Number of protein chains: 2
Amino acid sequence: MMRPTRNGAQLITNTQGSAPGTGPQPADFTDVRATNLAVVLRFVRENAPCSRADIAASTGLNKATVSSLVADLIDRRLLRETGLTENRVGRPATMLVLDGSPYAAVGIEVNVDYLTAVAVDLKGEALLSWRRAFPGGSASSGQAVAGIAGVARRVVTRMTKEARQVLGLTVAVPGLVDLNGSVRLAPNMGWRDVDLAGDLAKALRDPGFPVLADNDANLGALAELRFGPHVGVRDLVYLTGEIGVGAGLVLDGRLRRGGAGFSGEIGHIEIVPGGPPCHCGRRGCLEVVAGLGALLDRTVPGGVSPAELEPEIDEVVQRAEAGDPVVLDLLDTLAGNLGRGVGIVANLLNPEVVVLGGYYVKLAPWILARAEQEMLGRSLAPAGGGCRLVVSGLGYGAAALGAAARVLDSVDSGRLPAPA
Amino acid sequence: MMRPTRNGAQLITNTQGSAPGTGPQPADFTDVRATNLAVVLRFVRENAPCSRADIAASTGLNKATVSSLVADLIDRRLLRETGLTENRVGRPATMLVLDGSPYAAVGIEVNVDYLTAVAVDLKGEALLSWRRAFPGGSASSGQAVAGIAGVARRVVTRMTKEARQVLGLTVAVPGLVDLNGSVRLAPNMGWRDVDLAGDLAKALRDPGFPVLADNDANLGALAELRFGPHVGVRDLVYLTGEIGVGAGLVLDGRLRRGGAGFSGEIGHIEIVPGGPPCHCGRRGCLEVVAGLGALLDRTVPGGVSPAELEPEIDEVVQRAEAGDPVVLDLLDTLAGNLGRGVGIVANLLNPEVVVLGGYYVKLAPWILARAEQEMLGRSLAPAGGGCRLVVSGLGYGAAALGAAARVLDSVDSGRLPAPA
DNA sequence: TAGAGTTAGTTCGTCTAACGACCAAACAAA
DNA sequence: TTTGTTTGGTCGTTAGACGAACTAACTCTA
């Protein structure tokens, strides 16, 4: 059991949604309550099933306070009492778990050719997982928003039928998304200045829950943090492995989105000066020397179509498994370039973990070791500053899952649903 | 006057010094008090002189609460009442200012050839500024620590003579400093695994104030944030311009040190594959293509000695001013390479500002425009994602100043001296 | 089977500190 | 002088964490 770890020097800080430059906000008692409710909620999430006494002992909160907080969370239907402990000395404890049934968090990932929607309960367990073709690349942004809204409505209806209240909806987009959830630039989608979060909220007509949008890599990082095997990790970088390459940065336990929300654009860092041309107009970008487009261009005859990405990757995997020297060589080169990109991240940010997502997962057997070696060789800090390069276990749905995780994060940081 | 900006969703978060992975700490009333004391202190810092009524109106705190908080801060000798307002309708207000006299924050920067010590008061005004030769590169780490301790003792004695209490001491080191203030690697100093903060605290024999150590670029970033013209900026990157090049990262308003404390090592990112060899064993590092060593190697006959850096830079400046085409060409190349490094930072972190420090300041007329152009041309986000490249106005003492700022930051975030 | 011991959770009184309402003080303008 | 305005303090209220005492419900032991 954990020991109490109270610490005298704490400040109440606004954790989300505050305008930049407003400075720290003063605190009052409701903030104390919100903080402690969130502490208990998170403790139960990580330690369920557990008793009130466990919570008190581990958090350092007073037993009476914990009882009050738990009662509040039960009122809000966030926690639920389950059975009693048995065969133990002393009074049996009533165990607490997260209540999975009353709420849902919705995440949607849009991409050039497909759209993924997931809903999870408070525990993070999947309630729904749809994947369907979506003409994101060819439709106008207005049509795309309408399509997303349609899917969102259907998800919400489904959740309502299950008697669940939707706590929020987040959309993951491959592109630059500003801090207001407006897509400033999404080259693959052909979007520019689309107020996705706003338009979607309008299309859903005052949905009664927050609608947000963010970059797919950012949300992938959140998914790793919540659903991946990274207990206690506070500095993590997630790399998407699609046609493009993007990074999501979690530093000191929170997503860092940059001044305008455009952080993580690792794909257009120059890795090979004078290298192959990139659609962005420059040459040798990480994306063209370590993304999947270039790999497929050279292995699959007739060029790459986004809609056929998965079978084409499978073909690469098959040829690699068969020992095709051309493919193995290309993968080794890709791994080297990827490792150089990871090395940049390791030197600049010193994360504890860099997670490879997307199609990198399938290619991991042929690229992971080389990329890690390359990264370690380029890190100034001994042993890469403790940085590990690992493969995501979340599969393709990471961004959508992260979008849902974004909603749960918001709950975990104090935005609780009102009591009934 | 600012408008009240209370925000319902706040959490009390541990702001510093907590072990990683311990998760969020519960809050009690003392945290509310500490938070609000810090809010008032910071408000007065940024708006002095101001009245209690101003504070209440701008922060949204209750007038009665503000009065109580101000009384507390006056007890602690952090604030001081100054005169009354005149010629205004209504009762004249008693104005409040930071009390500059009772405290001092000490910062020391060590380098290969020199040592800088500064002390500032609560307002950030300089009380003392020493710069002296220091055989950091040639002495053993033990001798160096003893030397630093000697200087520190003299600074403390001086402050004590002025009847000031030292609130803390921070040492800036060019190298990898872990989260405990232990220097893991400082190639230029020839140090490895030197527990600088610990040894120094020991040498000062229970000094009664915290002794910390951190990387010079990190502390330079803090100096810019506090003393530079960057009001409201929450995402800032500072680049040191010495023989080596390091970065200090401020993201979302706080220094981000990475998982082990080794963030910001931009100097050993490969910028020119197959470029000139670097002392780290690799080639084409930013440090050798945009640092000052390479520049001086090619402009100053007979190689570079750290002790002669300043006059040698001056010679470069003179030759540039005279229009020496060789020097201008070298500076242009350096600027291009620097811009490529800044472009990486802009793409990955999307800061609002990148500040060039150290000797880059003197070279700015010949490198700033080119570097900025290069950065903008490499940023995926339009207009560099709003990133500006500017020159530091703080001069060479930035790291020492930042070390002192580190102490003030600690006060600003709630670690207040006890009342008398 | 009757304590004795142990653990869980509640009740109740205390205390901290923010808040709202009110009030006196001190000025300018009429 | 009167009126209005602004400042800053007092006082009672209130939210909510905390500590101690208490009850509940079990196991263990004699």
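Points to keep in mind about this one:
- When the Gaussian network model of chain B links Cα atoms closer than 10 Å, the mean-square fluctuations of B:231, B:272, B:327 top out at B:231.
- Helix-only [θ]222 nm of the protein assembly as shown, DSSP H runs n ≥ 4, -39500 (n - 2.57) each, per residue, nearest 500: -12500 deg cm²/dmol
- In units of the compact-protein estimate 2.2 N^0.38 Å, segment A:229-393 shows a Cα radius of gyration of 1.01.
- Summing charges over neighbours of residue B:187, with a neighbour being any other residue whose Cβ is under 14 Å away from its Cβ, gives -2 when K and R count +1 and D and E count -1.
- Cα-only Debye scattering, segment A:82-146: base-10 log of I(q)/I(0) at q = 0.24 Å⁻¹: -0.95
- Size-normalised alpha-carbon gyration radius of segment A:29-98, reference 2.2 N^0.38 Å: 1.06
- Other residues lying with their Cβ under 14 Å from the Cβ of residue A:161 contribute a combined charge of +3, Lys and Arg counting +1, Asp and Glu -1.
- Computed from the Cβ-Cβ distance with R0 of 25 Å, the FRET efficiency linking residue B:329 to residue B:133 stands at 0.15.
- For the protein assembly as shown, the extents of the C-alpha atoms along the principal axes are 75, 67, 64 Å, listed from largest to smallest.
- Computed over protein heavy atoms with a 1.4 Å probe, the carbon and sulfur contribution to the accessible area of segment A:29-98 reaches 51%.
- Measuring only protein heavy atoms, the 1.4 Å probe finds residue A:415 accessible over about 110 Å².
- Whichever lysines have a C-alpha closer than 23 Å to that of residue B:123, once near sequence neighbours (fewer than 8 apart) are set aside: B:161
- Buried on assembly, segment A:327-350 (at least 20 Å² less accessible surface than by itself, 1.4 Å probe): A:340, A:344, A:347, A:348, A:349, A:350
- Net charge of Cβ neighbours under 9 Å - reference residue A:105; Lys, Arg +1; Asp, Glu -1: 0
- Candidates B:213, B:186, B:223, ranked by Gaussian network fluctuation over chain B, Cα under 10 Å, top entry: B:186
- For peptide B:377-390, the mean count of partner chain Cβ atoms within 10 Å of a residue's Cβ comes to 5.
- The mean number of partner chain beta-carbon atoms within 10 angstrom of a residue's beta-carbon across peptide B:33-46 is 3.
- Shown for chain A are no DSSP H helices, since none reaches 24 Å along its axis, judged by Cα atoms, with a mean Kyte-Doolittle hydropathy of at least 1.6.
- Kirkwood-based Rg to Rh ratio, segment B:36-183, C-alpha trace: 1.13
- Taking all protein chains as shown and a probe of 1.4 angstrom, residue A:130 keeps an accessible surface of around 60 Å².
- Accessible surface of segment B:238-305, 1.4 Å probe, proportion on carbon and sulfur as whole %: 51
- Solvent-accessible area per residue in segment A:29-98 equals 49 Å², computed with a 1.4 angstrom probe and all protein chains kept.
- Once B binds A, the 1.4 Å probe can no longer reach about 6600 Å² of accessible area, counting both sides.
- Largest accessible area first, the residues A:29, B:134 order themselves as A:29, B:134 under a 1.4 Å probe with ligands, DNA and RNA left out.
- Segment B:229-393, accessible area per residue, ligands and nucleic acids excluded (1.4 Å, Å²): 34
- Going from the chain on its own to the full set of protein chains, segment B:234-278 has these residues losing 30 Å² or more of accessible surface (heavy atoms, 1.4 Å probe, no ligands, DNA or RNA): B:234, B:251, B:252, B:256, B:258, B:259, B:262, B:265, B:268, B:269, B:270, B:273.
- Computed with a 1.4 Å probe over protein heavy atoms only, the accessible area of residue A:279 comes to about 120 Å².
- Radius of gyration and Dmax over the Cα atoms of segment B:355-403, both given in Å: 12.6, 36
The values are calculated or read from the model by the stated rules, or taken from the named source; none is laboratory data. The structure displayed is predicted, hence computed values, not measured ones. Positions of Cβ are generated from backbone atoms using ideal geometry, with glycine treated the same way; all protein chains shown enter the neighbour counts. Calculation scope for accessible area: heavy atoms of the full protein, side chains included, ligands and nucleic acids excluded. Shrake-Rupley method; radii C 1.70, N 1.55, O 1.52, S 1.80 Å.
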